[in-house]
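No value in this document is a laboratory result; all are computed from the given coordinates. It should be emphasised that the depicted structure is a prediction, and the values quoted were computed from it without experimental measurement. Neighbour counts run over all protein chains shown; Cβ positions are idealised from the backbone, glycine included.
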Amino acid sequence: MDYYEMFRMTRQDMFTHQETTRHYLRIRVGGGFVCRLGTVQVPYDRQKRSQNIDEKSQRKWKLVLNCAISECFISRDEDQCDAYLCSLARDGIQALLTKVWDLPSEQIDNSIYVTLPKPVTKLPREKPVPKGKEITKWEQYAREKGIKRRKKGKKVWDEVLKQFVPRYGYRKILAEKEKNWVKEVPDNADPYEDQFAKAAEIKKENIAKNEYQRLRNIAKHRKLKVPNVGITGNEYASAKDLGLATHYARHATASLGKFQPDLPNEKKVKGLGKKRKHEDTTGDAEVEKKRYMAVLEKIDKPDLNLEGAVHKQIRDENVIMDLERRGGKKYGRRSKMGGRHRTKSDHRAAKLGKGYHKIKAKIKSKAKFGGTGKGGSKGNFGDMRKGAGKGKGAGKGKGGGKAKR
Amino acid sequence: MTVMKRVVKPRTRRAKRGLEHRAPKITENTKQCLFFYGTKTSDSVRQCLKNFYSFKKQDGKYLQKKKRYLPFEDILPIEHLSQKYDASLFCTASHTKKRPNNIILGRMYDHHLLDMVELGLENYRALAEFKNEKISAGTKPCMVFCGTQFEDVTEFRKLKNLLIDFFRGVEAQAVRLQGFEHALQFTAIEGKVLFRSYRILLKKSGTRIPRVELEEIGPSLTLSLRRNKFASEDLMKRACRQPKQLKPKKVKNINRDVFGTKLGRVHMTKQDLGKLQTRKMKGLKKETNDKKENSESSNQEASASGPVDVDQ
């Protein structure tokens, strides 16, 4: 496919440093054959708005915010080299700097500074435009009434102390203390009332009121609703706080929350509403006695816990059997003995919540009574048990079964 | 139960200053840039990111860890990062089979995504490959955009805006003439963008204006446009809104004439020229009644002489 190509070459004279630009036109013919045709005048390109025309190359450049924007025809040369791009860039930068050198300049500290013009390209901001400070309720009122702010001095003349006292701060408080070492009780006031405490209370209330109003202003600014009464907690109110809030909300009805329906998953808060009732300290002694005896009866256990005894017996028998199997050896090397819990019975005992040492004690006590463990133990315990026959039989059966295991 | 949002009050002066630094302002801070990687990267794309970071070292933050960042799928983690580091520009690099040598350039408005463009990296030559003297870090570059596509095609136009914003650096009112060191060139050709970076050498020319000579220093890459997510018109408009304080003040009524003298017009209400205060001249004084009687008689005598012209 044949097409025309236009490109320009710039040469600089070695001695005069003058640039000569020549524009060439060449045809690419079918098989890649190139024919140079000579110089041609580069036409104006379709750029509409321009600020600067570079007379040399007749290309239009736009200078914007330290950029030179050239809309020029780029040759679709397949082997476009970096040199071509470099030349394009060079032209652009030359045009840019030509414009820059013409800008108003000033010299600061041996270097010339140039004031750049305001940017033309619209670049987006990083963050939104800041909103102005919101006026408070008082400021709005003052504006309406035309009340102007008067600058107050730091010190105030005090008639009583006959000196200049600061308007605020530590020394103000000291001065006040000096002044108010005594306070007159007004005629209509209670003689036992603490006037100092009263004054302190009033001051606290004023501070609280001020704080409330400040927060209200902030809330207004941030468009939040603040109720006049009730609870305004933090964003992350604890379960307890929420419970308290629901409790108050519930009981803020005419019937004090008696007929208030429950929400599906609502849990009643503990420790609210009803007070714990204590018993009377004075009154009938008999009633009190009865109460305490009932408690005692609950604690009191029966003489024999049959099942417990049976289990104990079985356990002890197992221990002795293991000991016999080992050949009466109680102690050996711990590692050889299989660790802390040496026997199966120990393990079982451990499961039952009793330690190895307790069993050892039992074994010792049994051994004292004499004879081989099995027979002796049975004989000894036999008469102590209530249902002896039964117990024996049962024990044996159970013991036998267990021992075999 | 109503809940009031917590008012975060800083407890130290340093914290207060930090908050003020991050708060929206009339004249903004320089846009900070975040550089981070996706899970998998290739050598060239990693080098490219590092080279970009070297351009923006003063206003950039380089995150070493590779995390699964996929801006086109989920932008939220990147918005969190932007909030954390107070950065409104970001640049991610990744390499997958489907998208080899991928670079995503993006910017934020109010820590939410504004613009994002995915570019494919080809023919990359790193900074290190050009063995010559480089420029000092933090210099403002001069940018050249070549190619009609940057004006014609909307995507390229928006890309140009993004590139200007990205490589701009500090917003300067006055620049030192010796300070023009760096030049960046973006050429749009056949849907691709060629990125070249040069060092400006100012040589003596016959005139006052020096001759510009360029020496290629920086990375040279070919970027192909892949996916993009540009801001909608109204969002862009909202983001470009400037505060009233920055708008140039209109000066009315003052103009300068050819000689450079400052002229202005004074507007006055209509005046009764008869009651103007002028210098007192007795001859022009209006006569009183007594004097009139006297003058009448005298006038009768003088009337014969003819009318007297009185200059007003």
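Applying the Karplus relation 6.51 cos²θ - 1.76 cosθ + 1.60 with θ = phi - 60° to segment B:113-119 yields 3J(HN,Hα) values of 4, 10, 9, 7, 9, 9, 10 Hz, where x marks Gly and Pro.
Label positions at B:ARG208 and A:ILE202, each projected 7 Å from the Cα along the C-beta direction, are separated by 7.8 nm. Computed over segment A:105-261, relative contact order equals 9 percent, with contacts defined as Cα pairs under 8 Å that lie 6+ residues apart. Amide H contacts under 5 Å for B:LYS61: B:CYS33, B:LEU34, B:PHE35, restricted to partners 5 or more places along the chain or on a different chain, H placed in the peptide plane at 1.01 Å from N. How crowded by other chains is A:100-106, given as the mean number of beta carbons from other chains within 10 Å of each beta carbon? Mean shielding by partner chains, rounded to a whole number: 3. Fraction of C-alpha pairs exceeding 32 angstrom in segment B:29-241: 16 percent, rounded to a whole number. Amide H to amide H distances under 5 Å link B:ALA174 with A:LEU116, where only residues 5 or more positions off or on other chains count and H is placed in the peptide plane. How far is helix B:289-302 tilted off the main Cα axis of chain B, in degrees rounded to 10, range 0 to 90? So the inclination is approximately 60 degrees. A simple rule links phi to the HN-Hα coupling: the Karplus curve 6.51 cos²θ - 1.76 cosθ + 1.60 with θ = phi - 60°, which for segment A:248-263 gives 5, 5, 5, 8, 8, 10, 5, 9, 6, x, 6, 9, 7, x, 8, 7 Hz, with x for Gly and Pro. Is segment B:160-215 best put as rounded, prolate or oblate by its Cα gyration tensor, with a ≥ b ≥ c the root eigenvalues, rounded for a/c under 1.5, and otherwise prolate when a/b is larger than b/c, oblate when not? In terms of gyration-tensor shape, oblate.
Kindly give Rg over Rh for segment B:109-212, based on alpha-carbon atoms, with the Kirkwood expression for the hydrodynamic radius. Using Cα coordinates only, the ratio equals 1.00. Remark: B:ILE200, B:ILE26, A:ILE218 ranked as B:ILE26, A:ILE218, B:ILE200, counting other beta-carbon atoms within 10 Å and listing the fewest first. Cβ crowding within 10 Å, taken as a proxy for footprinting-reagent exposure, orders B:LEU246, B:LEU34, B:LEU235 from fewest neighbours to most as B:LEU246, B:LEU235, B:LEU34. With respect to chain B, whose longest principal axis is taken over its alpha-carbon atoms, helix B:43-55 is tilted by about 30°. In this structure the amide hydrogen of B:ARG227, modeled in the peptide plane, comes within under 5 Å of the amide hydrogens of B:GLU118, none closer than 5 places in sequence on its chain.
Most simply put, segment B:29-241 has about 70% antiparallel DSSP beta bridges, counting only bridges with both residues inside it. Under the definition of Cα pairs under 8 Å and six or more residues apart, what whole-number percent is the relative contact order of segment B:29-241? Across segment B:29-241, relative contact order equals 21 percent. For segment A:185-198, backbone phi angles converted through the Karplus equation (6.51, -1.76, 1.60; θ = phi - 60°) give residue-by-residue couplings of 7, x, 4, 8, 9, 5, x, 8, 6, 7, 5, 5, 4, 4 Hz, Gly and Pro being listed as x. Sorted ascending by nearby beta carbons within 10 Å, beginning with the fewest, A:MET293, A:MET321 become A:MET293, A:MET321.
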